[in-house]
Every structure is written in structure tokens, then in C-alpha cells.
Amino acid sequence: MSASVTHRESFLVPASHPALPGHFPGQPVVPGVVLLDAVIAAAERLPGPALQIEALTSAKFMSPLLPDQSAWIELIRSEARLTFSIRLEARELAIGEFRLAAAPGSAAGAREP
């Protein structure tokens, strides 16, 4: 994959999600790990080779997402990384980057014997 791929999709975490009752009782907020799971699920729908995440290199959560709010995930995938942002209308909720493993047989994935 030499060019980057950009993708945008909406998502919603329902109030019935099993992670919400303990995060925080009486005033649920969608946990960061649920947001990251939504990012990975969206990235797996991108065209191209299968997603192989090596590491989460950065993540910043700036504002909470509440249950039943519809937000947007924006992705940019290149050969070596997947960057993301999560937005609710004009408000940025989270940003970050995953490092991707090199595809077998690619120049970046070739190893010396």
C-alpha cells in the first residue's frame, strides 16, 4: 500500500452497552477502550490488506462521549500507521495513532537473513 486511504463513518454506543454501568454509575460515559474498539472496527472495513496493528503509539481523549450520541470516526491509513479522530459535531473527542505491522513481502517488512 503506497498511497494513504481516508475513511469517515458514524457510530453510536447504545445505552445498553455492557461497559457503561460501571463507567460511571448514574452518569455513564463511553470508556476510551470502547472508542478504540470502534476505531479498529471501522479500520477493518477499509479496502486493502488486512489490518495488522502493532501498537497504539498515541491517544488523547479530550471530551466525553455519552451513550446514544452519534459521533464520527475519521481515519487515515498509510502503510505504516493508522491515524484517527473522533468527533461529535464540531467538537473533537479523541485523536490518536496506531503503528501497523509491515505486510509480509513488502519492502518495509523484508528482513535480512
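Extension gain for R91 to E44 (0.36 nm times residue separation, less C-alpha to C-alpha distance): 14.4 nm.
Could you tell me which of rounded, prolate or oblate describes region 9-100, using a ≥ b ≥ c as the square roots of the eigenvalues of the alpha-carbon gyration tensor, with rounded for a/c under 1.5 and, failing that, prolate when a/b is larger than b/c and oblate otherwise? It comes out prolate by the Cα gyration axes. Measuring r between the beta carbons of D68 and R99 and using R0 = 25 Å, the FRET efficiency lands at 0.15.
Taking the C-alpha atoms only, the angle from helix 32-43 to the longest principal axis of the chain is near 50 degrees. Applying both filters, DSSP loop and at most 12 other Cβ atoms within 10 Å, to the trypsin sites (Lys or Arg not before Pro) of region 1-105 gives R45.
Could you pull out every residue, at least 5 positions away or on a different chain, whose amide H is within less than 5 Å of the one on Q69? Hs are placed 1.01 Å off N in the peptide plane, and Pro or chain starts have none. Here V13 satisfy the definition. A crude spin-label estimate for the pair L12 and K60, with each label 7 Å from Cα along the Cβ direction, gives 3.0 nm. Placing a pseudo-label 7 Å from each Cα along the Cα-to-Cβ vector at Q52 and S78 gives an inter-label distance of 1.9 nm.
Please check the chain for the longest run free of GluC sites (Glu not before Pro) that are loop-located per DSSP (anything but H, G, I, E, B) and have at most 14 other Cβ atoms within 10 Å. Could you put the intermediate results ahead of the total?
Details: sites that count: E44, E89.
By the stated rule (loop sites, at most 14 other Cβ atoms within 10 Å), 45-88.
Quick note: the coordinates plus some simple rules give every number you see, no bench work behind them. Source: prediction; values computed, not measured. For neighbour counting, all protein chains shown are included, and Cβ atoms are generated from backbone atoms with ideal geometry for every residue, glycine included.
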